[in-house]
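Each value in this text was obtained by applying a stated rule to the coordinates, not by laboratory testing. All figures in this text were calculated on a predicted structure; none of them were measured in a lab. All Cβ positions, even for glycine, are placed from backbone atoms using ideal geometry, and neighbour counts span all protein chains on display.
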Amino acid sequence: MDLNKFLYEQKKKEKEIKKKQRITQTKEIRFTPETSEHDYRFKRQHVEDFLKEGHRVKVTIFYKGREIMYKERGYQLLERLTKELSDTGKVERPPKLEGPRLSVTFIPV
């Protein structure tokens, strides 16, 4: 067998394998504790779309200035989001506060 033909066949097989691989990305959506109802619904729809496409979604609530004193608002927002997304995604890791950011990661069901 010819070496060039062998290398060509091998490259062709590798391309086919690469084509069938599914690459998941992590998308990030940012909220604030004072996010309005319309913005919340709009961003929730984006999260649902990303989950339906098969991506992981990291939802981050960013506290600015003195908003950090009212952490429970962020937890309530994430709890509401988790309930509403229960049919399209599940929580990979629970909410975690890292400095001024409260984040949770969703994975598709």
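Quick notes on this structure:
- Top-ranked residue in the stretch 22-54 [being among the acidic types (Asp, Glu) and part of a helix (DSSP H, G or I); ranked as nearest to Lys90 (Cα to Cα)]: Glu48
- In the stretch 67-109, the residue that is nearest to the chain's Cα centre (by Cα) out of those that are of a type in the set (Val, Ile, Thr) and under 20 Å from Glu34 (Cβ atoms) is Val104.
- Taken across the stretch 88-107, residues that are crowded, with 18+ Cβ neighbours inside 10 Å and assigned to a loop (DSSP other than H, G, I, E, B) do not occur at all.
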